[in-house]
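The values are calculated or read from the model by the stated rules, or taken from the named source; none is laboratory data. All values reported here derive from a predicted model rather than from experimental measurement. Backbone-built Cβ (ideal geometry, glycine too); neighbour counts: all protein chains shown. These area figures cover heavy atoms from the full protein model, side chains too; ligands, DNA and RNA do not enter into them. Shrake-Rupley method; radii C 1.70, N 1.55, O 1.52, S 1.80 Å.
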Amino acid sequence: MSRKYKILALGAFFVAAVAFWLAAPVQGVPILAYHGVNEQPEPYSIDPADFNAQLRYLAEQGFTAISLQDYFLARQGQRLLPEKPVIITFDDGYEDNYRTALPILEKYRFKATVFIISDAVGQPGYLTWEQIKAMQGRQTEIGSHTAGHVALAETGYQEKSRQFRKSKQVLEQQLGTPVEFLAYPFGSYDADVFPLLQEAGYRGACTGIPGFNRLDQEAFTLRRISVPRPKFGLLEFKLRLIRANIYSRLGI
Ligand SMILES: [Zn+2]
């Protein structure tokens, strides 16, 4: 074999090895992070048509949407995860989550989790208590996104505690169900938040760090894949999943 063919064969072997490695199932749960679902040209909202295409892709790939509650039951050995689990989350609690996202989620039989800013409920553009209750009755899990959407790493210890406790209390009082999960606004947190979340009665919290979540992932630093408005269609969504997969495999 000539030197040239040896190099080509080696290259082909390398490409095949990487493809095989990427195609093998990941031991972990991807958590997707959305915000608004609308046609406004905001970077963090997503067009309903793009959202629909992403969910259709997940359905075609055989994913089953689970709640954070399901994931935590699996962590405790009380439930088995489906073969390809995914958790679909929304931050901020925008009204279009009810009007636009929910019917699309239901079309694919996907459940979802919405993290509510408790001070913003009922304000223009945000969900009302009635809409939140209606979503709960339609397979939506409700979590906290703090009371006032503060950057926690830049917030004092007492105020952090107040944000965690107040949002949990208000949500539980209004909804009559336990609220045990939280998403950090702006993905901002520091070491102070872990004991404070525990004391306030939370069981898990989501960051903005991409990756998949194994059952032994630290409960208050769950990895989450942000899905902003795509510039390159469905390919961009697939690449975000692949990137999170690589981060998880490399332990980044
Ligand atoms: Zn937010």
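Do we find a residue being in contact with a helix residue (DSSP H, G or I) (Cβ under 8 Å, 6 or more places away or on another chain) and under 22 Å from residue 38 (Cβ atoms) anywhere in the stretch 63-74? Taking every residue of the stretch 63-74 in turn, at least one turns out to be in contact with a helix residue (DSSP H, G or I) (Cβ under 8 Å, 6 or more places away or on another chain) and under 22 Å from residue 38 (Cβ atoms). Quick one: how many residues across the stretch 182-213 are outside any loop (DSSP other than H, G, I, E, B), away from the ligand (no atom under 15 Å from the Cβ) and either open to solvent by 50 Å² or more (accessible area, probe 1.4 Å) or of a type outside the set (A, V, I, L, M, F, W, C) (or both)? Number satisfying all stated conditions: 6. Within the stretch 29-53, restricting attention to residues that are within 22 Å of residue 142 (Cα to Cα) and more than 16 Å from the ligand (Cβ to nearest atom), which residue is nearest to the chain's Cα centre (by Cα)? The selected residue is 30.
Scanning the stretch 114-141 for residues that are within 16 Å of the ligand (Cβ to nearest atom), of a type in the set (S, T, N, Q) and open to solvent by less than 50 Å² (accessible area, probe 1.4 Å) yields one hit, 118.
Do we find that residue 242 is in contact with a Leu (Cβ under 7 Å, 6 or more places away or on another chain) and of a type in the set (A, V, I, L, M) in this structure? Yes, satisfied. Only helices (runs of 4 or more DSSP H) whose full extent lies in the stretch 59-171 are considered here, and the ones with at least 2 residues that are more than 24 Å from residue 240 (Cβ to Cβ) and in contact (Cβ under 8 Å) with a residue 40 or more places away in the chain are 68-75, 129-136. For the stretch 214-228, the set of residues classified as surrounded by 18 or more Cβ atoms within 10 Å (Cβ to Cβ) and not in a loop (DSSP other than H, G, I, E, B) consists of 222, 225, listed by residue number. If you filter the stretch 147-177 down to residues that are within 16 Å of the ligand (Cβ to nearest atom) and of a type in the set (S, T, N, Q), you find that the one that is surrounded by the fewest Cβ atoms within 10 Å (Cβ to Cβ) is 155.
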